[in-house]
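Everything on this sheet refers to the single structure shown next.
The values are calculated or read from the model by the stated rules, or taken from the named source; none is laboratory data. Keep in mind the model is a prediction, meaning the values are calculated, not measured. Here the Cβ is made from the backbone with ideal geometry for all residues, glycine too, and neighbour counts use every protein chain on show.
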C-alpha cells in the first residue's frame, strides 16, 4: 500500500465556486476556507474571508454560510481529514489558521474568534526560552 503524501489531509478541492457546495459529499470532516474572488490588474485573487472547521459535515457548514452570509464569499476550498484524525485535532488546526491571519487588515467580519487561546498558552516570544531541554 502506498504511503499518503499528507498525514492530516486525505483530499482537498480548492477555489470552487460557491454553487458547487452541493457537490461536496455529506459527512466529510475537516477544514474549509471561504474566499472572495476579485480581479486586480487582470490577475485573479482569492481573498480569505473565513477559515472554518467541520467535525460532522463540511457540506453542512458551507450550506449554513450560504444561507447566512451569501454575499460575503464567492468560492471555497475544502480539506477532508483522515478518519483517524480526532475532532480535537481539527479544532486545533482551525484555531491555528485563524490565529495566523487574525491581525490581517483584510480579515473578515466573519472571523469572530480573533485569537486561539491554546496558542497563547504556549507562546514564548523570547526565543532564548526555546532551549533544547524543554
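Observations on the structure shown:
- Selection within the range 1-11 - loosely packed, with under 14 Cβ neighbours inside 10 Å and either modelled with pLDDT of 95 or more or assigned to a strand (DSSP E or B) (or both): 11
- Residue match in the range 53-60 (condition: in a strand (DSSP E or B), in contact with a strand residue (DSSP E or B) (Cβ under 9 Å, 6 or more places away or on another chain) and either crowded, with 19+ Cβ neighbours inside 10 Å or at pLDDT 90 or above (or both)): yes
- Contact map, the range 54-73: residues that are on the phi > 0 side of the Ramachandran plot paired with residues that are part of a loop (DSSP other than H, G, I, E, B) and crowded, with 16+ Cβ neighbours inside 10 Å, Cβ distance under 6 Å, separation 6+ or inter-chain. No pairs are found.
- Within the range 67-85, none of the residues are assigned to a helix (DSSP H, G or I) and surrounded by 13 or more Cβ atoms within 10 Å (Cβ to Cβ).
- When residue 118 is tested against (1) assigned to a helix (DSSP H, G or I); (2) modelled with pLDDT of 90 or more, exactly one condition is not met: (2).
- When residue 42 is tested against (1) on the phi > 0 side of the Ramachandran plot; (2) modelled with pLDDT of 95 or more, exactly one condition is not met: (2).
- Among the residues making up the range 12-35, those that are in contact with a strand residue (DSSP E or B) (Cβ under 7 Å, 6 or more places away or on another chain) and farther than 22 Å from residue 93 by Cβ are 17, 18.
- Residue ID - surrounded by the fewest Cβ atoms within 10 Å (Cβ to Cβ), chosen from residues in the range 17-52 that are in contact with a helix residue (DSSP H, G or I) (Cβ under 6 Å, 6 or more places away or on another chain) and in a loop (DSSP other than H, G, I, E, B): 26
- Selection status of residue 87, out of contact with any strand residue (DSSP E or B) (no Cβ under 7 Å at 6 or more places or on another chain) and at pLDDT 95 or above: yes
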